[in-house]
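Heads up, the thing below is written out as structure tokens.
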């Protein structure tokens with residue numbers, strides 16, 4: 001599907017740019033705020049992808065309206081649907097993909113006012129991050145065609161191998177702040193509440209590495 005110039009194409013290109021930027025930031029080991037930036041940009045990417053689809057299929061209708069039918073304004077600008085609403089209105093995502101997106105929406109809200117400077121969180125959610133990317137590209141191709149595929153850019157995204165000794169893990173645990181511990185607790189609780197049939201899918205979390213559902217004794221310290 002070749003899109004002509006217009007709002008649909010602008011939104012789509014912005015969506016793709018956000019995804020590529022998210023990967024670029026995440027894959028820079030020394031980049032500050034890697035996890036926060038990756039999550040924020042991927043949520044923007046998904047939001048703009050669905051908004052571009054809405055604009056292409058039903059026109060510029062992805063905005064909230066008041067009871068009187070007028071557009072709801074925020075600082076003089078029309079308030080667009082956020083990702084959660086876009087997902088509901090779209091209705092075309094599998095339960096596993098929706099669970100993965102819901103995980104990142106909630107995680108984004110938790111880290112929005114926190115600084116996550118430890119690699120521990122990034123390592124912990126590796127599988128979910130990889131699935132977020134794969135799911136995005138699959139939906140991008142489904143909605144707009146393979147000509148917009150970005151698999152060459154994402155083929156090696158987030159692929160890393162890092163072995164750590166028990167002493168290194170223990171040292172990291174001792175350095176974790178209360179806020180990071182709260183984030184880790186949220187991640188574990190969310191995983192435990194996901195249906196087994198969804199948790200075991202690649203759409204929820206890529207199982208290239210072991211993603212434990214239960215805390216080990218060392219993780220509970």
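Any read-out appearing in this document is the output of simple, stated calculations on the displayed coordinates, not a laboratory observation. On a predicted model such as this, the values are computed, not experimentally measured, just so you know. Neighbour counts run over all protein chains shown; Cβ positions are idealised from the backbone, glycine included.
Some observations on this one:
- Where N is the number of residues in segment 1-140, Cα Rg divided by 2.2 N^0.38 Å: 1.11
- Label-to-label distance, nm, for residues given as residue 193 and residue 88 (7 Å Cα→Cβ offset): 1.7 nm
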